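The values are calculated or read from the model by the stated rules, or taken from the named source; none is laboratory data. Owing to the predicted nature of the structure, the values given are computational and were not obtained by experimental measurement. As a convention, Cβ positions derive from the backbone with ideal geometry for all residues, glycine included, and neighbour counts pool all protein chains shown. Quick note on the areas: whole protein, heavy atoms, side chains included, nothing else; ligands and nucleic acids left out. Shrake-Rupley method; radii C 1.70, N 1.55, O 1.52, S 1.80 Å.
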Amino acid sequence: MKHHIIVKFNEKSPKLDEMIPDIEKIFSGVLEVSGVKSYNLVKNCIDRSNRYNLMIIIDMDKSALEAYDNCHAHHQWKDNYSQFIESKAIFDSE
């Protein structure tokens, strides 16, 4: 399963390029979750106000979703970046 987190950051957030190294470090921790195979950060290549900025794709077994939801990396992402998120979408696909 592919777990997509699609994020639009707010005006208070640092520039995306400044955040990427820390976000990368945080999400590297999801690889410790049993059933998580990989993750990828994808920056939007078009800078317009009606676009989302970042898509995080985590490849995992469906059965790993609950463990991912409870893992340290997921909580660290939420704790560190919720204040900068204007909107987000979560989408799971086969």
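Numbers below:
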read-out: Cα-based helix-to-principal-axis angle, 72-81 vs the chain, degrees rounded to 10; value: 10
read-out: Accessible surface, per residue, of segment 32-94 when the full set of protein chains is kept, probe 1.4 Å, Å²; value: 67
read-out: Calculated [θ] (222 nm, deg cm²/dmol) that DSSP helices of n ≥ 4 give over the chain, each run adding -39,500 (n - 2.57); value: -9000 deg cm²/dmol
read-out: Angle in degrees between helix 16-28 and the longest Cα principal axis of the chain, rounded to the nearest 10; value: 10
read-out: Percent accessible area from carbon and sulfur atoms, the chain, protein chains only, probe 1.4 Å; value: 48
read-out: Stretchable slack from E24 to D47, in nm (0.36 nm times residue separation minus alpha-carbon distance); value: 6.2 nm
read-out: Cα-Cα over 21 Å, subset of K15/K43; K12/K78; K15/K62; K2/K37; K2/K43; value: K15/K62
read-out: S63-N40 pseudo-label distance in nm [points 7 Å out on the Cα-to-Cβ vector]; value: 2.6
read-out: Accessible area, probe 1.4 Å, largest first, for residues D69, D79, D59; value: D79, D69, D59
read-out: Chain lengthening between S93 and N10 when straightened (0.36 nm per residue, less Cα-Cα); value: 27.2 nm
read-out: Local electrostatic count, D17, Cβ distance below 13 Å [Lys/Arg +1, Asp/Glu -1]; value: -2
read-out: Selection from S28, M1, L16, by position along the positive dipole direction of the chain (Cβ); value: L16
read-out: Stokes-Einstein D for the chain, Kirkwood Rh over Cα pairs, 25 °C, 0.890 mPa s (µm²/s); value: 180
read-out: Size of electric dipole in the chain: Cβ of Lys, Arg +1 and of Asp, Glu -1, about Cα centre, debye, nearest 20; value: 300
read-out: Centre separation in Å (Cα based) which lies between segment 5-26 and segment 28-56; value: 10
read-out: Neighbourhood charge, 12 Å Cβ-Cβ cut-off, centred on W77 and excluding it, Lys, Arg +1 and Asp, Glu -1; value: -1
